[in-house]
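Visitor: I have a structure I would like to understand better, so I am pasting it below and will then ask my questions one at a time.
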Amino acid sequence: MKKQSNLSRLLDIAGNYKYLTYASWVLCAISALIALAPYYYIWQVMKEILQVAPNFDSAQNLTYNGFMAVVFAVIAFLVYIAGLMCSHMGAFRIATNLRIQTMQHIIKLPLGFVESFGSGKLRKIVNESSAATENYLAHQLPDRSGAIATPCGLLILLFVFDWRLGLLSLAPVLIGFLIMITMTGKKMHERMKEYQNALDNMSNEAVEYVRGIPVVKTFGQTIFSFKKFKGAIDSYSKWVIAYTKELRLPMIFYTAAINGVFVFLIAGGLIFTQDGIKPEFLLNLIFYIIITPIISLTLTKIMFQSENAMIVADALERIDSVLNLKPLEESITPNYPKDASVELDNVCFSYDGVNNVLNDISIFIPQGKTVAFVGPSGGGKTTLANIISRFFDPQSGLVKIGGVNVRDISKEDLMNTVSFVFQNSHLIKASILENVKLGKPDASYQEVMQALENAQCMDIIQKLPDGINTVIGKKGVYLSGGEQQRIAIARVMLKNTPIIILDEATAFADPDNENKVQAAFSQLSKGKTVIMIAHRLSTVKNADKIYVIKDGEVAESGTNEELLKQKGLFSHMWENYQTSTKWKV
């Protein structure tokens, strides 16, 4: 099956708006042809001036020809504007549809996709890649139709007056075109891909660096933390400088060629006037000198259009890199969980398909029980929680909620069954009311206030200027990490799901906030199945069961007392934790 061209694909995305795109090509081509008419009238003006010189008072058509030159210039401009209006309407629709199509697909992808893909890279693909198609369709393609129409009209004009000068005018075009071929083509396409990769990497590192600034400043790791970001900048800079130097010489020759048309005309003029200068030849020479810069401009447009076509091709490839990712499989006949129990049966998972992060994990968590995952960093605790909430699907094994495979539970039902509070909960730039209502959009004001009260947030509400309607973030107020965490807990309380996952939820809280967060957890956990991930072992000592996760496996399991008696890994971790709590500065 023949692969669909990028242009055909974009026009399909436009729907009925593609006819506006077609209209823009026609209008811009007509505009380009009309734009040549003023040159004819200018030639008529020069012809009459040479004929009546030095008796300029006897000239009769100067005003008429000058006026007609202006009229056709204005008409060409208006037709061109109409063409651009059509092209922009089509381009905006295509860019919008591309963004919608990409975002709708992202929604269907595993919830852990953004984290593994890179938020900076993803943002650039969704926004900038679609914007590249907008610029191409709104400006480049209409200009291309004009760039094709202009030479056709010029060929007629160039050979109507003096075919010898016409050929000389085309000589630099041929030279410039040959040089342009060396700068474009397959090699240029690969270079454009490398350029976009360098930009993506730099954008991703920039986003990650900015997000990590609070931690960086806290631990005084400014120079060390900047290393990866600086490396991305240096890599981009090195590539751009090398590429610029590579194109420097051909670009110099190209610019000299397309702007050197006068050299050919002057040389031809000297040769053709060896037997004397005739007024008619002088008139034609002046005309060619005036009109040939259009050739240079047209050729330059064609060169940049080929470059932009490569940018669009690369942009679509990057969008496809997201669209080609496999979405979560959903059952045609979904089942609803029978209860709030959680079961993992011989679960194995790998991020890269080679190295397993989880190895044959089998765990059963009864409804209404609180369990904790503890263990060394990098052991797979968070991955295990992500698997339960279906941020990712395991390569082998089963994950069941309420006795039902999570693959057979609809996405909506799964999200209404499982809630999570992360160690760094994100609040959107909106009011506290709107942030909390994300958990239940149709909640009443009273329900939101009750959730805030249960989450120990009333002291936060009381100190804010507009209470629950206070906007958080830009042009609003900023909350501490612990305060944000309590608002996030209120959101989960309002959602009121039977299973709750707490991932290092008190990591960034100060002692006062931690006490309130723990009190909020007590309210949140009533009658729920709770899965806690923690490094502070004091927060999990009352759990019904503790699983010690090490190297992707369950190393130990039991209650706090049982694990301490075993004198194993947990006991050793507990001793280290007790020692660390006694450290003082």
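Visitor: When residue 451 is evaluated against the numbered criteria (1) over 22 Å from residue 545 (Cβ atoms); (2) among the aliphatic types (A, V, I, L, M); (3) surrounded by 20 or more Cβ atoms within 10 Å (Cβ to Cβ); (4) within 29 Å of the chain's Cα centre (by Cα), which criterion, by number, is the only one it fails?
Guide: Of the numbered conditions (1) over 22 Å from residue 545 (Cβ atoms); (2) among the aliphatic types (A, V, I, L, M); (3) surrounded by 20 or more Cβ atoms within 10 Å (Cβ to Cβ); (4) within 29 Å of the chain's Cα centre (by Cα), the odd one out for residue 451 is (4).
Visitor: Scan the range 336-346 and give yes if some residue there is farther than 17 Å from residue 545 by Cβ, assigned to a loop (DSSP other than H, G, I, E, B) and in contact with a Ser or Thr (Cβ under 6 Å, 6 or more places away or on another chain), otherwise no.
Guide: Yes, the range 336-346 has at least one match.
Visitor: Inside the range 283-300, can you point out the residues that are under 37 Å from the mean Cα position of the chain (by Cα) and crowded, with 17+ Cβ neighbours inside 10 Å?
Guide: 296, 298, 299, 300 - these are the residues of the range 283-300 that are under 37 Å from the mean Cα position of the chain (by Cα) and crowded, with 17+ Cβ neighbours inside 10 Å.
Visitor: Another question about this same structure. If residue 319 satisfies all but one of (1) more than 30 Å from residue 399 (Cα to Cα); (2) modelled with pLDDT under 80, what's the number of the condition it fails?
Guide: Tallying (1) more than 30 Å from residue 399 (Cα to Cα); (2) modelled with pLDDT under 80, residue 319 fails exactly one: (2).
Visitor: Can I ask one more? Find the residue count for the range 43-79, including only residues that are over 16 Å from residue 280 (Cβ atoms) and hydrophobic (A, V, I, L, M, F, W, C).
Guide: So the answer is 16.
Visitor: Given the structure, is residue 380 at positive phi and either outside the structural domain of residue 545 (by TED's automatic domain parsing) or buried (at least 20 other Cβ atoms within 10 Å of the Cβ) (or both)?
Guide: It is true that residue 380 is at positive phi and either outside the structural domain of residue 545 (by TED's automatic domain parsing) or buried (at least 20 other Cβ atoms within 10 Å of the Cβ) (or both).
Visitor: Determine if the range 84-92 includes at least one residue that is under 17 Å from the mean Cα position of the chain (by Cα), surrounded by 15 or more Cβ atoms within 10 Å (Cβ to Cβ) and closer than 21 Å to residue 327 by Cα.
Guide: So far as the range 84-92 goes, no, none of its residues is under 17 Å from the mean Cα position of the chain (by Cα), surrounded by 15 or more Cβ atoms within 10 Å (Cβ to Cβ) and closer than 21 Å to residue 327 by Cα.
Visitor: Please work out if residue 332 is β-branched (Val, Ile, Thr) and either touching a residue at least 24 places away in the same chain (Cβ under 8 Å) or in the same structural domain as residue 141 (by TED's automatic domain parsing) (or both).
Guide: no
Visitor: Here is a follow-up. So, in the range 252-272, exactly how many residues are part of a helix (DSSP H, G or I) and either in contact with a strand residue (DSSP E or B) (Cβ under 6 Å, 6 or more places away or on another chain) or not aromatic (Phe, Trp, Tyr) (or both)?
Guide: Total satisfying the criteria: 14.
The values are calculated or read from the model by the stated rules, or taken from the named source; none is laboratory data. All figures in this text were calculated on a predicted structure; none of them were measured in a lab. In this analysis, Cβ positions are derived from the backbone assuming ideal geometry, glycine residues included, and neighbour counts consider all displayed protein chains.
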